[in-house]
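All remarks here apply to the structure that follows.
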């Protein structure tokens, strides 16, 4: 039995409590949370779980094998560093840290201490992304060209970070994960970013990110807290066709479009034909209905038991933070809403 502790039980931390509580081979030994309302939430729904306002109690508890860090992003480094120093495995919610230097320090510490470090890039465990990964690895989509992603919803009532650090880690982690599946280099050649503050002067709340990689793949990521609706849409354009992943849909999240039919390409002025084009045939694969968060938490426990490296480990965690940091520095160096 793997004993875990959870530090932070806010909006997402409460989901982690639920997910780890449902794992047969794991037990939540204790939860640390400072806000009285969140403490009451845990005590009411999980009366068997010990709750403390001091996360250092979890660090000192010899019965706890691993700690889950779901605190505000700027605190990730300090809390996770203390977890590793206490000799415990760590699962850090996304993003891994607030700077590349911090992320690399955590990666190196975990490696030198022989401890497992995982990052909460939950979309790596989405059945839809798993389907994409498998088909890219098998070469069924051919050469990757471009990946376009849109992630918009109402922003949190209060946040220590802007929309880039809140939403973009999901899309960047998916992008890097799929490129790795294709055996492609994820080294950036160039990028452009355009953002603005609409709702509040405190944080940038709408951003367009344009990425070009040395391998030739390009990507556009749009994240926003401004729109009143919610969208989770990703499109992969490849040699053999394109794939649309709409995570908002309850079913049929993946639609695969084969190559388009276009007789205009081969037509010439001497032919008397009806010129036309149409999208390719649509294939909708059957996906598992497993919850990505549940799969992610189970994967972490399995890695602790087997000693395997998690697929959402420190390497991709550092790389995601690197992209986020470069984007942030670009926006900070010039007036907002300028293209770089």
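Nothing in this text is a laboratory measurement; each read-out follows from the coordinates by a stated rule. Note that the coordinates shown come from a computational prediction; the quantities given were computed from them, not determined experimentally. Cβ sites come from the backbone with ideal geometry, for glycine too, and all protein chains shown count toward neighbours.
Worth pointing out:
- Over the chain, relative contact order from alpha-carbon pairs under 8 Å, at least 6 apart, %: 18 percent
- The stretch 1-44: Rg to Rh, with Rh as the Kirkwood radius over Cα pairs: 0.96
- Radius of gyration and maximum dimension Dmax of the stretch 90-194, Cα, Å: 15.7, 44
- Per residue, the Cα convex hull of the stretch 194-252 amounts to 99 Å³.
- Between the alpha-carbon centres of the stretch 114-187 and the stretch 287-333 there is a gap of 9 Å.
- The angle separating the long axis of helix 36-45 from the principal Cα axis of greatest extent in the chain is about 90 degrees.
- Euclidean distance of C-alpha centroids, the stretch 51-88 and the stretch 215-238, integer Å: 34 Å
- When 131, 165 are sorted by how many other C-beta atoms sit within 10 angstrom of their C-beta, beginning with the fewest, the order is 131, 165.
- Here the peptides 15-23, 188-196 are ranked by packing, the mean other Cβ count within 10 Å, and the order with the highest first is 15-23, 188-196.
- Between helix 127-137 and the chain: long-axis angle, C-alpha atoms, 0 to 90°, nearest 10: 60 degrees
- Cα convex hull of the stretch 175-226, projected area averaged across orientations, nm²: 4.0 nm²
- All distinct Cα pairs of the stretch 138-185 go into the 1/r average, and the inverse of that average, the Kirkwood radius, is 12.8 Å.
- Expressed per residue, the C-alpha convex hull volume of the stretch 134-222 stands at 98 Å³.
- Out of every Cα-Cα pair that the stretch 109-261 contains, those further apart than 25 angstrom amount to 35 percent.
- The chain - mean residue ellipticity at 222 nm from DSSP helices (-39,500 (n - 2.57) per run, n ≥ 4, rounded to 500): -10500 deg cm²/dmol
- The mean sequence separation of alpha-carbon pairs under 8 Å and at least six residues apart, normalised by the residue count of the stretch 144-265, gives a relative contact order of 32 percent.
- Each listed q (0.20 Å⁻¹) maps to a log10 I(q)/I(0) for the stretch 1-154 from the Debye sum over equal C-alpha point scatterers, namely -1.24.
- Taking every C-alpha pair closer than 8 Å and separated by at least 6 residues, the mean separation divided by the residue count of the stretch 51-100 gives a relative contact order of 39 percent.
- Taking the C-alpha atoms of the chain, convex hull volume expressed per residue in Å³: 162 Å³
- Protection-proxy order for peptides 170-183, 203-216, each taking the mean of Cβ atoms within 10 Å per residue, highest first: 170-183, 203-216
- Protection proxy ranking, peptides 300-307, 123-130, 246-253, average beta carbon neighbours within 10 Å, highest first: 123-130, 300-307, 246-253
- Among 75, 328, sorting on how many other beta-carbon atoms sit within 10 Å of each Cβ, with the fewest leading, yields 75, 328.
- Principal-axis analysis of the Cα atoms of the chain puts helix 76-85 at an angle of about 50° to the longest axis.
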